[in-house]
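Report on the structure given below.
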Amino acid sequence: MTYSCHVSHVMIRLKGGFIMIESRCGILCSACSYQEQVGCKGCINIEKPFWGASCSVKSCCETREQKHCGQCKDFPCDLLKQFAYDEKEGDNGKRIEQCRCWSKE
């Protein structure tokens, strides 16, 4: 499978340069059809997601003080894999690959 890295929203300094992070889990908010529809600014910029009271991946990442899951020593954990490969809401692991890209930048 070929997957290209994308960047957007939150900037962090790394190795003398900058990369843009869109979400905690690696999902590309800029490609989400709900972003404009509901005025979502991405989980990095909001307290709770538009779809519910909380997101366990977002909460975990923020509790561990990580910008995104790819920075975690447990990456990719079972929780992230569960989200990435969920039959209904998953993306067949693309968000995991995006976190890997962000970690390499």
Item to complete: May I ask you to list pairs of residues, at least six apart or on different chains, whose Cβ atoms are under 8 Å apart, with the first in the stretch 31-45 being open to solvent by less than 80 Å² (accessible area, probe 1.4 Å) and the second being aliphatic (A, V, I, L, M)?
Response: CYS40/ILE46; GLY42/VAL10; ILE44/VAL10; ILE44/ILE21
Item to complete: Scan the stretch 70-93 for residues that are within 21 Å of GLN35 (Cα to Cα), in contact (Cβ under 8 Å) with a residue 12 or more places away in the chain and either over 13 Å from the mean Cα position of the chain (by Cα) or open to solvent by 20 Å² or more (accessible area, probe 1.4 Å) (or both) and jot them down.
Response: PHE83, ASP91
Discussion item. Against the definition (more than 20 Å from GLN35 (Cβ to Cβ) and aliphatic (A, V, I, L, M)), how does ILE96 come out, yes or no?
Written reply: yes
Fill in: Hits in the stretch 55-69 - residues which are open to solvent by 70 Å² or more (accessible area, probe 1.4 Å) and free of Cβ contacts under 8 Å to residues at least 12 places away in the same chain
THR63, ARG64, GLU65
Item to complete: Report, by residue number, each residue of the stretch 66-95 that is over 16 Å from CYS29 (Cβ atoms) and touching a Gly at 6+ places or on another chain (Cβ under 9 Å).
Response: PRO76, LEU80, LYS81, GLN82, TYR85
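The values are calculated or read from the model by the stated rules, or taken from the named source; none is laboratory data. All values reported here derive from a predicted model rather than from experimental measurement. Glycine gets a Cβ as well: all are built from the backbone with ideal geometry, and neighbour counts include every protein chain shown. Heavy atoms of the whole protein, side chains included, go into the accessibility calculation; ligands, DNA and RNA do not. Shrake-Rupley method; radii C 1.70, N 1.55, O 1.52, S 1.80 Å.
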